[in-house]
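The values are calculated or read from the model by the stated rules, or taken from the named source; none is laboratory data. These numbers come from a predicted model, not from an experiment. So basically every Cβ, Gly included, is an ideal-geometry build from the backbone, and we count neighbours across all protein chains shown. These accessible areas exclude ligands, DNA and RNA; they are computed on the full protein's heavy atoms, side chains included. Shrake-Rupley method; radii C 1.70, N 1.55, O 1.52, S 1.80 Å.
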Amino acid sequence: MMESRARLVSILFAFLLARVAAGGGGESRYLTKDERWMNQRLDHFSPTDHRQFKQRYFEFLDYHRAPGGPIFLRICGESDCSGIPNDYLAVLAKKFGAAVVTPEHRYYGKSSPFKELTTENLRFLSSKQALFDLAVFREYYQESLNARYNQSGFDNPWFVIGVSYSGALSAWFRLKFPHLTCGSLASSGVVLAVYNYTAFDKQVGESAGPECKAILQEITKLVDEQLRLDSRSVKALFSAQELKNDGDFLFFLADAAATTFQYGDPDAVCSPLINAKKAGKDLVEAYAKFVKDYYIKTMEVPPSSYDQEYLKNTTPDDSSSRLWWFQVCSEVAYFQVAPKTDSVRSARIDTRYHLDLCRNVFGDGVYPDVYMTNLYYGGTRITASKIVFTNGSQDPWRHASKQKSSKGMPSYLMKCSNCGHGTDLRGCPQSPFRIEGDSSNCSSPAAVNTVREQIAKHMDLWLSQCQKPSAGY
């Protein structure tokens, strides 16, 4: 939740927020950008390490029915967190009279414990540490709210929300700390760590449709051949000549197309390519134009962010790529390898490419123990309660989420041609930003709004149950 998982989630999520305007509620794209700070423990698992770091957070109280109204804890994931976005969660906050609070994920943005992001210094970056951060923050904020309203021992009803990786954190928080939240929304929550995530590429092909998929596959073959003949020229055609590693370049090209399906804008890539094919134009040149105009210019994704030498930088201007790659390489993998047959991306994007990247960027000894991650959280067999899972039908990440309902954990699939990552909160397309998650441009607004109604029903029920004695979990 999220893309090279390390690049497309962190860079694109940062894009979603970086392009939004400053301001308060109403029609602004942020509910608030006012920064607040708390002292957070560096290592929650060491009884002798008392070091702390400053963790940034945001609060929005305009809709709060004080003092007893609910608190929505909106988890900020694998990117700089510049404020609380005014997406569909704002609509839900207004409906339930909720306050919205958002802590920034440790290490990301301004919440880094260290100035230098060396591999040694990154050892405290993990989902487990992040979950304890959320628990400590939840207790800290509840106490501060009680002090503000001159009350003692009161516990507001809390509900946790997240999208993508933070959607997984939302589900895992309910799993590990059921007494601290009435329920969770895991929007496109990638709760299943996957070593070789071939389903990502397969979904890209399905979302593209037969005609567009065939053209993308043809372009992949042509680029593979041109790389062998004259790599410098073909990289220059895509304005990506700084990518010396062919694997980095091919990943960059694969992500450019995947972005459109993940974020609900399939026509951005398919329409020009289909038109070029029908007109007998050079397909590689047509794809290069799309990449430069859409991915680099509109989505503001620089090719340099795919360069392993850039990822090795321990003091980068934008640290999110290096940080998420560390989580990928040490915990969840999501290696987006090409399937053995019928792949859209180049077959050169394989397991060895990912393992070499992890070793090259972080050194020996950093390896994603996917088995242990899924053993700890349960993967899609997570055994918890009062968690809503939502996914968009076109999202390549949905296969790492829980797509089947089970007792106490309903799962909903929004089916439409531009239903992608986090559609229930973001609307359509999912990028660029849409105020209050406007669903009017979804190919089937009803598909999205029906799921939103279900989310609200579960929230209403679980919040009411939480307010009763001994019904917190």
Run through the DSSP bridge list for the chain and note the antiparallel percent, rounded to the nearest 5. 40
Counting Lys and Arg as +1 and Asp and Glu as -1, what is the net charge of the other residues whose Cβ lies under 13 Å from the Cβ of residue 142? -2
Set of aspartates and glutamates near residue 94 by C-alpha distance (under 18 Å), chain-local residues within fewer than 8 positions excluded: 27, 59, 62, 424, 436, 438, 453, 460
Spacing of the two label points (7 Å from each Cα toward its C-beta) at residue 385 and residue 267, in nm: 4.7
Compute the length gained on full extension between residue 143 and residue 446: take 0.36 nm times their separation in residues and subtract their Cα-Cα distance, giving the result in nm to one decimal. 105.0 nm
Separation in nanometres of the label points that stand 7 Å from Cα toward Cβ, at residue 50 and residue 154: 3.3
For residue 340 and residue 228 in one chain, what is 0.36 nm times their gap in residues minus the Cα-Cα distance, to one decimal in nm? 38.2 nm
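Kindly rank 349-362, 330-343 from highest to lowest mean number of other beta carbons found within 10 Å of each residue.
Top of the packing list down: 330-343, 349-362.
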Under 16 Å between alpha carbons, and skipping anything fewer than 8 positions from residue 386 in its own chain: which lysines qualify? 176, 402, 404, 407, 457, 468
Based on the alpha-carbon gyration tensor of region 215-301 and its eigenvalue square roots a ≥ b ≥ c, which shape applies: rounded if a/c is under 1.5, prolate if not and a/b is larger than b/c, or oblate? oblate
Coil-residue trypsin sites (Lys or Arg not before Pro) of region 201-278, DSSP, other Cβ within 10 Å capped at 14: 244
Let me know the number of lysine pairs in region 198-367 closer than 17 Å at the Cα, not counting same-chain pairs under 8 apart. 20
Which distance in nm do the two modelled labels at residue 405 and residue 242 give, with both placed 7 Å along the Cα-to-Cβ direction? 4.9
Paramagnetic label zone (point 7 Å from Cα along Cα-to-C-beta, residue 278; backbone N under 19 Å) in region 195-220: 208-219
Just how much of residue 76 is accessible, in Å², when a 1.4 Å probe is used and the result is rounded to the nearest 10? 10
Using 0.36 nm times the number of residues separating residue 454 and residue 359, minus their current alpha carbon distance, what extension gain do you get? 29.8 nm
Among region 183-221, those whose backbone N falls under 20 Å of a label point 7 Å along Cα→Cβ from residue 347 are 196-206, 213-221
Please give every one of the lysines within straight-line cross-link reach of residue 54, meaning a C-alpha to C-alpha distance under 23 Å, and leave out same-chain neighbours fewer than 8 residues apart. 33, 110, 115, 128
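How would the chain be classified by its alpha-carbon gyration tensor: rounded, prolate or oblate, with rounded meaning a/c under 1.5 and the a/b versus b/c comparison settling the rest? Before the final figure, lay out each step's value.
On the way: a/c = 1.88, a/b = 1.49, b/c = 1.27.
It comes out prolate by the Cα gyration axes.
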Let me check against my output: what whole-number percent is the relative contact order of region 198-367, with C-alpha pairs under 8 Å and at least 6 apart? 32
